[in-house]
Structures are given as structure tokens and as C-alpha cells.
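The values are calculated or read from the model by the stated rules, or taken from the named source; none is laboratory data. The model shown is predicted, which means the values in this text are computed figures rather than measured ones. Please note: Cβ atoms are built from the backbone with ideal geometry, for glycine as well, and neighbour counts cover all protein chains shown.
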């Protein structure tokens, strides 16, 4: 025995069964409920709310109780507790009751006194092994499968290829816009549905060259393969930002960056290297049940609604004493049509609804008021309780994430912005001369930093020019963002080692076993047991065993081949050492699993850009091109690995054969790259694009931020900007903070295990909110939505929430995207402007739309015309 938080820990199923047998309330399955058959334990469980299940789910589980005797439940829950004891998605009360069931000797000695707890634990163990412990997963992913459904049909190839090509063109353009609107998977799913039905109706039922043109009704799995193929095609290559920064005249103005060969090979390399690593990390990011991937759930919900709309719906209780019978299909269309009509207002006629800057409008000439409350890009921190009436504006679309994500992110973001205010009004690092929240880099006159003034044609710094120009400066929020980015780099590894040790052990152990089986097959030896017991408790994993898996060597070949092509690309088109490409496996191996686990659990997607820039900046010492490619091949393959992993989990939930997924993902990535790259030069030639005065709001905020980072890490070098004696060296305190914060919170959680606040605290999300660099107003409305959805509806009306939450989110996203596309191409692009009025002004008044140092900054630029050190004395 061992002492565990005041409870003497007792292990051993033999003791459990022995004590059950010594008591008289034991049936043939080790069930201490034989003499309590009249007790309504199910009703008590529903009333207690200890397990979040619907009445229908409880009745089904009760019928299966003989399959889960108490000693079996103990085995299952012991593994669940080991894996999920730090899982913030688990209710802390549920974890505490599991701990009592496993480790309290009083329950072991006198099980007849704990009938309700034992019943609850058996139900929970059944729920976990036959469906999912997460209500959000049960809401959309079925625990059954039909392996006979056709999947990789001619319909998939034709429809998927078409939407991949169209979608990537549109998304590439809209990625430059602020606020951006993208065609998501749900939009494609909605439009592809009638296309699939039409092909099923009109294609001849013939077989040509072994291909069945029409294998029967259009089904869920075909539909989801189309969505996945199109989604990968529509996720524009990460090289887009780099190419724009390298090629455009307001940035580096490098002619070779416009060559199609460079653009295509570089884009395809970063994309497909990520695909290879996604396949190699399936044991860590796809197979485990705790890897939920929240944004996949609305996609599955819409799929269910479209294909199951013929089934009848029963009445269920809803909020405010209402009863609802509408199907998911009907709910989707009601919400879709309503918001499609509404979005004409914020999207075209009344844009002030999107950025409802009412607090700054009170006195727009007051620079202090604007800096604290304004929502305009870069101008203010957005402390506004009612900042928008546009769901598309939200940085955290409510309804997707569990509340722990919002609580952690809001707490960290609030502290980060308050810290920004202190820096700004104390003029720390000369931030008081600049806009408080701009992502741009500035010179000592408060203008955008002209990097071409200090570099040669390849982006290398010329010291004499630099000394006569200016040091670069950044805004208050960007300084805080750097501290957060540094902290996140070390915090990611620290957090993973503290909280995910068991999961890593499971994944590496599974990979090692598979490697040994591979070696045995080569040698012609017995491969032994094929089943992977580590993931066997997950019903979706068990159902997927009906299909041949994609071996690791397939993904290894993909990663290696495209690393070689990327090296060829750098060798032919640049003078950068092609060995930079080898950063891809090094960075991805170290970081993709930790950041993948965070993304899969929380839905918040971190970035590796900063750590790649730090390493590149330190190694390159002023060679901006080397730093840019360090970042490109060090962080972007990991980013794409997460995209591919998300889709692999999506196929896992829908039970799509893995080898079909392999070819669909390969083809989707290839099509998306070819079509997107084909339009880059045209986009860069649009008049005014990526400037504050760009038409159609194509101001390229993401590209501006990347340019600022390249200036800091590449042109000037990490040593000059953050080395000993530099003005920003103190920001490196983020690295030790990233180690300390997860350790401190981990120790506090161990000491105060019953504190729900501490158990809901997620160190990485707190740190990540610092690195985010956004403003408060873009985040707070999503919390209000989530409080209503997850805290009120889910807790009190689970069946209502299960039926309508995710399909509502799918409808909102689809309505916004389709409306925005219609407005842009039918009205904005042909320059059909809506009449100017208060809700649609030509420009925002005062400091909101016309920020300048003289009228709006708390510190005015000195009379000599610049701030900071004099020319010739720069660091």
C-alpha cells in the first residue's frame, strides 16, 4: 500500500474480487448490486450529474452492464486515470471520484456500502470503452461503422479536385484581407453535397477500366473525403508570406522570388514534409482518445445533418421551459439562412457593426482613450465590453472550445495587455512614441522601417547604411508578444514532460513495437501480436482496425523525397546553404508532438516561428535569407503536420480507410500548391496591395508581421537585437519563465488537488495568450457565447446541446463564407460601393483612422526629429 493524498492507495484486482466475494451482494459478474435491484441507481446518477450522459445513453449502457463487472471497470479506470489525470477536458469531480474508486481502501473493503459509486464507475468505464467520455465527441462521432460503403470513388476525385482548385484561389486572395474570410471545409461540404447527389443520379452504372462510375448512393465517407481533399487544397502554402516579403518592392524587392520554379518547389516541400511527419506521429496525435481536435467536430456534425436528415427526431427539453423537435438538418438551414441575410449588414452595408468602436467614438481625438479602447488594427487594445456584432470578427469563435481554454486565455491576455499599458505610458523601449498595438517595425521617426535602406540585393545588412538610418523599434504589445513567444518555446517542452509523460511513453512504445514487427517481417520471423493494446480502449481505434493501415515507411519516403526537392530549390534559386532544409526534421521531431497535443486537446494552435527565427538569427548573424529559410523549413512543416493530423483524426471519427486517406491527402496538397502558386505574381502586381491604402482591405496583416520578424531576426540578427547590451535583451527573461510557470502550476496542482480553479489552469494557454499579440475586444464576445453554450446548455440540457451546438456553428461559418464571397465578387470587386453614411464611413475619425505621433501618442518626438540614439551611434 502507498499513501496518496490522504487515501491509502491499494492496488490489485485480486484483492478487489476477494473482498467482493466475501460480501454477499455479489452476482456472477462481480456485481455488488444483487440485493439492490429495486434501487434506482440510474435515476440517482442522472440527478447527480457526475457523468454527463443523456437518458437514452444511460439506458443503453445499463443494458451492457454485465459486460463491465467491477473488477474490469477497475482495470479500465486505472488506465484512464493514468492518462487523463491532467486532462482539463475531464470534470475535476469525475477524476476525484475515479481516484476514490481506485485507491480508497474503504471502498475495497466494503463495496456494498458504495453501490452508487461502483455503479457510476462501471457506467463511466462502459461509456469510455463503447463510445467516448467526451460529450462533444459523442455528439457527432458514431460508435458503429459500415466497412462495405464505397469510399475512393470517381465522384470523390472529380468533385474534390474541382473544389480544391477553386477554393485555394479564393482563400489565397482572402488571406491578404483584414478581416479575412475563408472558404472552410463546411462550405465545401455544403456545396459538394448536391454535386454528389447529382452524380449518383446521372452517372451511368458502368465499369470502365475497372472503375465503377456509379457504385450507388452518395454516402458520408465519400462526402468527407471530398471535404478533406478540398480543405488541404484550400489551405494555401505557408511559403506565400515569405514569397511576398521577398518579392514585393515595399519589402525586400528580390526579383528571383517571382520565379515559378522557386515558388512551386519551395511550397510543395514545406507542405509535403509536414504530411510525412503527420503520418509518423499518428500514435501521439490521432489514435489517442484525448486528442479530440475540436474544430473537426462541426464538420462531422454537418455531415451527419446532410446525410441523416430523413430520420425522425423526438422532442427534447430545451432552455427556458421549451421543447424542441427540429432535426439537425432543419436547424442548420434555419440558422444558415438567417445569418446569411444578416451578414449583408456587417459585411457590406454597415461595416461599423464588425468593429463597433463606440467607446473610441465618444472622443476619437483623445489618444489615450483610443489607445485603450479602440478596436482598429494596431491602434488600440480593444478594452470594449461590446466590441462587435459580427461573429466572423471573433478571434475565438464561441461554441468550439471547452471553457477552460477561454478562462486561461482571457486571464493571460488581460495580464499581457495591462503589461502593455505600463510599458506604453512609461515609454519603455520608446514604445510611447508609437501605436500601442501595431505589428509593424518602426524607425526612429515613427515611420515604417525601410529595410531596403540598409541592405544589399540579397537582404544582407550594410553597416554604414544602418548607422546612418535607424535602429528598429516595436510597439508595446509586440514586446509583450516576444516575451510570451520565448516563454512558450521552453514552456512547451517543460509542460509536455510534466503532464504528458505517460502519453509519450505509450506513443514511443507503440512505435518501437511496430518497428520490431517491421524488422521481423523483413527477416521472415514471426511478428507476434498485431493489436496495439495502448489504444484498445477507444472504440474508434478498434473500429479502424478493420482497414489496412498505412505503414510508416510510406510517410518516411514522402518526407525524405520532398526534403531533397527543397534542397534542390534552395541550391538552384538562392545562395542559401541547402542544409537549412534539414532544420525540418530536427524542429519537427522536437516540437510537433508537444504543440500537436496542445492543439488536439484545446483547439488553440501554437506556432514555432519564433524559435526557428531565434536559432536562424543566432546562426546566420545578419543573413536575412538564411533566417527566412530557417523559419520556413523549421516551423512550417510542423504547422502543416497539424493540418494533416487534424484531417487524419476527422477520418478516424468517420471511419475512412487509412490508405484512401493517404492518396486523398497527397493529391489535395499537390493540387492546392500548383493552383495557389500560379496566382501569386498576379496578386503581388495588384495596385496598392499590402499597404495601408490597399483596395478591398488587402492590407496583408500577416505579411506585415512576418516582415517585422525578418527585420529583427534576419537583417539585424538575434545578437544585435537581443544579445548582451542590446535594448531588448531583457525580453529573454521569457525563456526561464517558460520553464518556471509550468513547474509552479504543476506543484500547486499536486498540493491542492481538489481546487477546481487550479485543475482547470493550463500553463501553456496562459503563456500562449502573451504570445498571441491580439486585442481584448476580439476575444471577449466568444466567452459570452461559450458561457451560454458550454456552461448553461451543456450542463443543463445535454441532449439539446448535443443535437444543435455543432451544427449551429457549421451553419454560422458557412453563411459567413458564402455571403462574403458573394458580396466581394458581385459588389466589392466591381467597385459597387454602398453609400457612405455613419455606419459605412470613408474613414474612421481622429486617432482611430488617422493615427499620428503629434496628435495621438503620449510622448511626442523630440524637436531634433527623432528619438533614440543619434545616427552613427546605433547598437
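Residue-wise test of (1) modelled with pLDDT under 90; (2) surrounded by fewer than 19 Cβ atoms within 10 Å (Cβ to Cβ).
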{"position": "742", "(1), (2)": "no, no"}
{"position": "773", "(1), (2)": "yes, no"}
{"position": "776", "(1), (2)": "yes, no"}
{"position": "790", "(1), (2)": "no, no"}
{"position": "795", "(1), (2)": "yes, yes"}
{"position": "800", "(1), (2)": "no, no"}
{"position": "804", "(1), (2)": "no, no"}
{"position": "819", "(1), (2)": "no, no"}
{"position": "825", "(1), (2)": "yes, yes"}
Quiz item: Checking residue 753 against (1) assigned to a helix (DSSP H, G or I); (2) surrounded by fewer than 22 Cβ atoms within 10 Å (Cβ to Cβ); (3) not assigned by TED's automatic domain parsing to the domain that holds residue 610, which test does it fail?
Solution: (1)
Self-check item: Subset tally (residues that are under 16 Å from residue 718 (Cα atoms) and in a helix (DSSP H, G or I)) for the stretch 457-477
Solution: 2
Practice problem: Would you point out which residue out of 431, 373, 365, 388 is more than 16 Å from residue 778 (Cα to Cα), modelled with pLDDT of 90 or more and assigned by TED's automatic domain parsing to the domain that holds residue 814? | Solution: 365
Quiz prompt | Residues (surrounded by 13 or more Cβ atoms within 10 Å (Cβ to Cβ) and either in contact with a strand residue (DSSP E or B) (Cβ under 7 Å, 6 or more places away or on another chain) or outside any loop (DSSP other than H, G, I, E, B) (or both)) located in the stretch 830-854 | solution = 834, 840, 846, 847, 848, 849, 853
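Yes/no per residue for (1) within 18 Å of residue 481 (Cβ to Cβ); (2) touching a helix residue (DSSP H, G or I) at 6+ places or on another chain (Cβ under 9 Å); (3) not in a loop (DSSP other than H, G, I, E, B):
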residue	(1), (2), (3)
378	yes, yes, no
382	yes, yes, no
388	no, yes, no
396	yes, yes, no
410	yes, yes, yes
420	yes, yes, yes
Exercise. Out of 508, 512, 429, report the one residue that is surrounded by fewer than 22 Cβ atoms within 10 Å (Cβ to Cβ) and on the phi > 0 side of the Ramachandran plot.
Key: 429
Exercise. Of all residues in the stretch 235-257, count the ones that are under 27 Å from residue 665 (Cα atoms) and in a helix (DSSP H, G or I).
Key: 6
Quiz item: Is it true that some residue in the stretch 818-825 is assigned to a helix (DSSP H, G or I), touching a strand residue (DSSP E or B) at 6+ places or on another chain (Cβ under 7 Å) and either in contact (Cβ under 8 Å) with a residue 60 or more places away in the chain or outside the structural domain of residue 323 (by TED's automatic domain parsing) (or both)?
Solution: no
Quiz prompt | helices (runs of 4 or more DSSP H) completely within the stretch 668-727 that count 3 or more residues being touching a helix residue (DSSP H, G or I) at 6+ places or on another chain (Cβ under 9 Å) and over 18 Å from residue 180 (Cβ atoms) | solution = 701-710, 718-722
